[in-house]
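Following: one structure in structure tokens, then a few remarks.
The values are calculated or read from the model by the stated rules, or taken from the named source; none is laboratory data. Please read these numbers as outputs of a predicted model, since none were measured by experiment. For the accessible areas, the whole protein counts, side chains as well, though only heavy atoms, and no ligand, DNA or RNA atoms are used. Shrake-Rupley method; radii C 1.70, N 1.55, O 1.52, S 1.80 Å.
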Amino acid sequence: MTVTAGRKLGALVGVGLAGLLPGVTLGSGSEAFMSYMVAFIAVGLLTQVVYIGPSALVPGLPLLAFAAAGVVQDSLIWWLLSWVGPAGGFELRVDGFLAIVLAGLITRVAILGVSLLLGRPAAEED
């Protein structure tokens, strides 16, 4: 599996896990599926367009800097979703700063975790 596919799968997992937070509401029934898809598309697309992460293996301190910048990026995406959800007629709501930051943290950890577990840099692929 490529690194890009690992990031997309990580975004899918991260949005699902972030949707379990008390301050994040994805709706109920079919509306929950639509809200989940809107959140996944936003996170998946924006993290691909503006990629924050190393292109090769890096030591611990730079990796922490990339991770922190990624959490900020994902938190900003969840903040955007907190505006877009109600305006777009979705039941997608993110209530409060803490929920936004935790959703960003969970999403970034999932993206990094799945990418590390499933993806290898292109230079190492057979």
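Miscellaneous remarks
- Residue-normalised accessible area of region 1-104, given per residue in Å² at a 1.4 Å probe: 54
- Accessible carbon and sulfur surface of the chain relative to its total accessible area, %, 1.4 Å: 75
- Relative contact order for the chain: 46 percent, from Cα pairs under 8 Å spaced at least 6 residues apart, divided by residue count.
- Most mobile of GLY16, GLY29, GLY53 in a GNM of the chain (Cα contacts under 10 Å): GLY29
- Mean residue ellipticity, 222 nm, helices only, the chain: the sum of -39500 (n - 2.57) across DSSP H runs of n ≥ 4, divided by residue count and rounded to 500, is -23500 deg cm²/dmol.
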